[in-house]
Amino acid sequence: TIECRDAVLAWDRIVRRPEKDRPDPTPRIPHPVTGDLVPDPSRLLPYNEYVGARPAAWPKADFIIGNPPYIGTKRMREALGDGYVDALRGSYPGIPASADLVLYWWLTAAKLVASGKTTCAGLITTNSIRMAQNRVVVETGMKLGAFIAWAVADHPWVDDAGGAAVRVAMTVLARKQSGARLVEVDDDGALTSVRVVSRLHSDLTGGASVASASGLPLLANEGLSSFGFMLAGDGFILTQSEATALIAG
């Protein structure tokens with residue numbers, strides 16, 4: 001029953017595309033003057049096209065439990081290659097390019113829970129899931145009908161292989177919303193509190209949704225106006241030639 005394959009991307013074949021190779025930015029050779037390591041101009045990063053790329057189908061399951069890989073959006077191309085990242089993002093148009101890799105697992109699980117094909121899903125992710133660029137994906141899953149029933153927004157995690165200490169978030173998704181539990185732990189991972197709330201928001205908080213409220217207009221400002229930008233004199237106005245000279249200089 002164990003399948004050894006890519007969990008989020010499927011494809012028909014991989015085709016090498018040398019015309020899309022790009023210079024390798026990794027410092028490898030000493031600079032002739034400073035001696036500092038600089039990129040080797042002869043080294044290129046190969047571009048592999050994933051022909052027929054599409055979301056990978058997950059096997060039918062009542063429950064999903066996972067610990068997806070922790071790769072931030074800024075490191076995805078370095079870790080996975082340009083061709084793979086392009087294929088992945090093209091296969092999931094609902095996930096913005098600014099989202100971390102773990103969100104592809106999270107949204108796939110959320111869709112299965114929302115559709116009723118899966119009862120619950122529990123995933124360990126980086127705690128950056130609460131950041132604005134990742135909350136967009138969480139909100140998409142919640143709009144589809146997957147609710148966060150239990151969460152730890154910030155939990156210590158030690159990578160035994162590298163010894164690095166990171167912070168993770170844990171979320172449990174369910175289809176029916178009947179109260180949620182927000183769990184807090186200390187720096188040693190020991191339980192400190194469990195709070196029952198009516199619902200958990202995309203930033204893994206309960207109570208008033210501060211994250212969503214920040215995008216709404218302030219009612220206290222209704223009917224008010226402002227001067228906008230005030231130049232306070234002609235001395236702040238530039239001619240076209242003056243502006244062009246400043247930009248060029």
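The values are calculated or read from the model by the stated rules, or taken from the named source; none is laboratory data. Computed from a predicted structure; not experimentally measured. FYI the Cβ positions are ideal-geometry reconstructions off the backbone, even for glycines, and counts take in every protein chain you see. These accessible areas exclude ligands, DNA and RNA; they are computed on the full protein's heavy atoms, side chains included. Shrake-Rupley method; radii C 1.70, N 1.55, O 1.52, S 1.80 Å.
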Q | Matching label, log10 I(q)/I(0) by the Debye sum over Cα atoms at q = 0.08, 0.12, 0.16 Å⁻¹ computed from the structure shown, candidates [x] -0.42, -0.84, -1.19; [y] -0.50, -0.89, -1.17; [z] -0.41, -0.75, -1.17 | A | [y]
Q) Considering only protein heavy atoms, what is the solvent-accessible area of Arg175 at a probe of 1.4 Å, reported in Å² to the nearest 10? A) 130
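Any chance you could run the full-extension gain for Ala7 through Phe227? It's 0.36 nm times the residue separation minus the Cα-Cα distance, nm to one decimal. All intermediate terms of the calculation are to be shown ahead of the outcome.
On the way: separation 220, 0.36 × 220 = 79.20 nm, distance 5.45 nm.
In short, 73.8 nm is gained.
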Q: Could you rank Trp11, Trp58 by how accessible they are, 1.4 Å probe, largest area first?
A: Trp11, Trp58
Q) Over the heavy atoms of Phe63, what accessible area does a 1.4 Å probe trace out, to the nearest 10 Å²? A) 130
Q: Sort His201, His31 from largest to smallest accessible area, using a 1.4 Å probe on the heavy atoms of the protein chains.
A: His31, His201
Q | 222 nm mean residue ellipticity, helices alone, for the chain (DSSP H n ≥ 4; -39,500 (n - 2.57); rounded to 500) | A | -6000 deg cm²/dmol
Q: Could you state the accessible area per residue of the chain in Å², with a 1.4 Å probe and every protein chain left in place?
A: 63
Q: Can you tell me which of 132-140, 77-85 comes out highest on packing, and rank the rest after it, using the mean Cβ neighbours within 10 Å?
A: 132-140, 77-85
Q: Order the following by accessible area, largest value first: Val166, Val15. Probe radius 1.4 Å; ligands, DNA and RNA are ignored.
A: Val166, Val15
Q | Computed E for Glu19/Gln133 - FRET, C-beta separation, R0 35 angstrom, nearest 0.05 | A | 0.65
Q | Gap separating the Cα centres of region 1-72 and region 164-216, nearest whole Å | A | 32
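Are there any helices in the chain, counted as whole DSSP H runs, that stretch 15 Å or more along their axis by Cα and score at least 0.5 on average by Kyte-Doolittle, and if so which?
Going by DSSP H runs, the hits are 102-114.
Considering only lysines 8 or more places apart in sequence, or on different chains, count the pairs in the chain whose C-alpha atoms sit under 19 Å apart. Show your work: numbers first, answer last.
Numbers: Lys60/Lys111; Lys60/Lys117; Lys111/Lys143; Lys111/Lys176; Lys117/Lys143; Lys117/Lys176; Lys143/Lys176.
Taking the Cα cut-off of 19 Å, the pair count is 7.
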Q. When the accessible area of the chain is split by element with a 1.4 Å probe, what percent falls to carbon and sulfur?
A. 59
Q | Dipole in debye (nearest 20) - the chain, about Cα centre, beta carbon charges: Lys, Arg +1; Asp, Glu -1 | A | 1040
